[in-house]
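J.: Attaching a single structure in structure tokens format; questions to follow.
The values are calculated or read from the model by the stated rules, or taken from the named source; none is laboratory data. As the structure is a prediction and not an experimental result, all values here were calculated from the model. A quick note on method: Cβ atoms are made from the backbone with ideal geometry, for glycine too, and the neighbour counts reach across all protein chains shown. Accessible surface areas use protein heavy atoms only, side chains included; no ligands, DNA or RNA. Shrake-Rupley method; radii C 1.70, N 1.55, O 1.52, S 1.80 Å.
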Amino acid sequence: MFIETETTPNPATLKFLPGRPVMSAGTLDIRDGSTAVKSPLAQALFGVPGVSSVFFGADFISVTKAEGEWQEIKPAVLGTIMEHFVSGAPLLADGALADPQTEGDEFFAPEDAETVATIKELIETRVRPSVANDGGDIKFRGFRDGTVYLAMKGSCSGCPSSSATLKHGIQNLLRHYVPAVQSVEQI
């Protein structure tokens, strides 16, 4: 098994591509060892000294370090990922679910439904693929008074360039196509 690695805009995060599907649907963002019980692989990765968060995407795993150097941590992470996939163990523990893909926690006024539909379409088709290339994910959370609220996950969460991505990339894109958008904020 060959696992490719890619750097991300977040210097604390590396993206690992095992060459096979990771999550069949949705994503899973595990921010600390106590929530790693959702996944045997996440539990094993949190056993690697220095690992502070794990994010599972469709075909990649983003690992963020809190301390240490990648040249010391990367071999242990690669070995852990390889061992997991070779063993055939499931990615998720019994009963564990991916991060919800539901729209239940979104907020916007009913009269903004058409605007929100356009915003969501732009995020799905133009923003999410780019963010996934960088080892993360982005979700629409709300729209109020001209402000779009987004949640960033994976390598994008806590990335030094995430505010530039939001303000210069996503905000400019949305303002261009949706005149009602005035700003974009991360929640």
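J.: So which residues in the range 37-58 are open to solvent by 40 Å² or more (accessible area, probe 1.4 Å) and either of a type in the set (A, V, I, L, M) or within 18 Å of Met152 (Cα to Cα) (or both)?
T.: Val37, Ala44, Ala58
J.: If you don't mind, another one. Select from the range 24-36 the residues that are of a type in the set (Ser, Thr, Tyr) and over 20 Å from Glu6 (Cβ atoms) and write down the one among them that is least open to solvent (accessible area, probe 1.4 Å).
T.: That would be Thr35.
J.: Going by the conditions given, is Ser87 hydroxyl-bearing (Ser, Thr, Tyr) and over 17 Å from the mean Cα position of the chain (by Cα)?
T.: For Ser87, the condition - hydroxyl-bearing (Ser, Thr, Tyr) and over 17 Å from the mean Cα position of the chain (by Cα) - is met.
J.: How many residues are modelled with pLDDT of 90 or more and over 13 Å from Val178 (Cα atoms) when one looks only at the range 108-124?
T.: 4
J.: If I ask for residues that are among the basic types (Lys, Arg) and at pLDDT 90 or above, which ones from the range 2-43 would you list?
T.: Answer for the range 2-43, where residues must be among the basic types (Lys, Arg) and at pLDDT 90 or above: Lys15, Arg20.
J.: Based on what the data block shows, is Gly19 open to solvent by 60 Å² or more (accessible area, probe 1.4 Å), in contact with a Phe, Trp or Tyr (Cβ under 7 Å, 6 or more places away or on another chain) and not basic (Lys, Arg)?
T.: The answer is yes for Gly19.
J.: Could you tell me how many of the residues in the range 71-107 are of a type outside the set (A, V, I, L, M), modelled with pLDDT under 95, surrounded by 10 or more Cβ atoms within 10 Å (Cβ to Cβ) and closer than 25 Å to Met152 by Cβ?
T.: Number of matching residues: 7.
J.: Mind counting the residues in the range 148-171 that are open to solvent by 20 Å² or more (accessible area, probe 1.4 Å) and modelled with pLDDT of 90 or more?
T.: Residues meeting the conditions: 1.
J.: Can you tell me which residue among Leu122, Leu150, Leu78 is of a type in the set (A, V, I, L, M) and within 18 Å of Thr27 (Cβ to Cβ)?
T.: Leu150
J.: I'm told Val37 meets every condition in (1) outside any loop (DSSP other than H, G, I, E, B); (2) aliphatic (A, V, I, L, M); (3) within 16 Å of Phe85 (Cα to Cα) except one. Can you identify the failing condition by its number?
T.: If we test Val37 against (1) outside any loop (DSSP other than H, G, I, E, B); (2) aliphatic (A, V, I, L, M); (3) within 16 Å of Phe85 (Cα to Cα), just (3) comes out false.
J.: Does Asp134 fit the bill of being at pLDDT below 90, under 28 Å from Ser24 (Cβ atoms) and surrounded by fewer than 17 Cβ atoms within 10 Å (Cβ to Cβ)?
T.: no
J.: Here's a follow-up. When the residues of the range 1-16 are narrowed to those that are polar (S, T, N, Q) and in a loop (DSSP other than H, G, I, E, B), which ends up surrounded by the fewest Cβ atoms within 10 Å (Cβ to Cβ)? Walk me through it before giving the result.
T.: Applying the first criterion (polar (S, T, N, Q)) to the range 1-16 yields 5, 7-8, 10, 13.
With in a loop (DSSP other than H, G, I, E, B) added as a condition, the list becomes 8, 10.
Values: Thr8: 20, Asn10: 22.
Only one residue tops the list, namely Thr8.
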